[in-house]
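Worksheet for the structure shown next.
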Amino acid sequence: MQKTFEPKFNITSRITASLTLIERARGFLEAADLSEVWVREMGHRALILLLTGWHAKTRGDVRGGGGLGMFCRVSLCLNVNKT
């Protein structure tokens, strides 16, 4: 007999508030008529912030993110610097 997956978690007020913010942003972006260039540039910017550990550093996490080395490898693959 195969066991079924039964996740155990609590949905807190903080999680609910964060999900609400995400949904608002998603709704805005779906309703907005954004240029393809703008969307691509924002995607590259988000990737840069993620890989350089910006989010972790602003939260006081000493581990940081993927680091500059990882950013350089990924940016070369994705041609981030080309328009």
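Cβ crowding within 10 Å ranks Glu36, Glu23, Glu41 as Glu36, Glu23, Glu41, fewest other Cβ atoms first. Across the range 25-36, rounded Karplus estimates of 3J(HN,Hα) from the backbone phi angles (6.51 cos²θ - 1.76 cosθ + 1.60, θ = phi - 60°) give 5, 4, x, 4, 5, 5, 7, 7, 9, 9, 6, 4 Hz, Gly and Pro being marked x.
Enumerate by residue number the chymotrypsin sites (Phe, Trp or Tyr not before Pro) in the range 1-55 meeting two conditions: DSSP loop (anything except H, G, I, E, B), and at most 14 other Cβ atoms within 10 Å of the site's Cβ.
On the way: sites: Phe5, Phe9, Phe28, Trp38, Trp54; in loops: Phe5, Phe9.
Filter output for the range 1-55: Phe5, Phe9.
Compared with the alpha-carbon gap, the fully stretched path from Met1 to Ile22 is longer by 3.7 nm at 0.36 nm per residue. Taking amide H positions as modeled 1.01 Å from N, with prolines and chain starts lacking one, the residues under 5 Å from Gly53 and 5 or more places away or on another chain are Gly65, Gly66, Gly67.
Every number in this text was worked out from the coordinates using simple rules, so none of it is lab data. Everything quoted here is computed from the prediction, not taken from an experiment. Quick reminder, even Gly has a Cβ in these numbers, built from the backbone with ideal geometry, and neighbours come from all protein chains shown.
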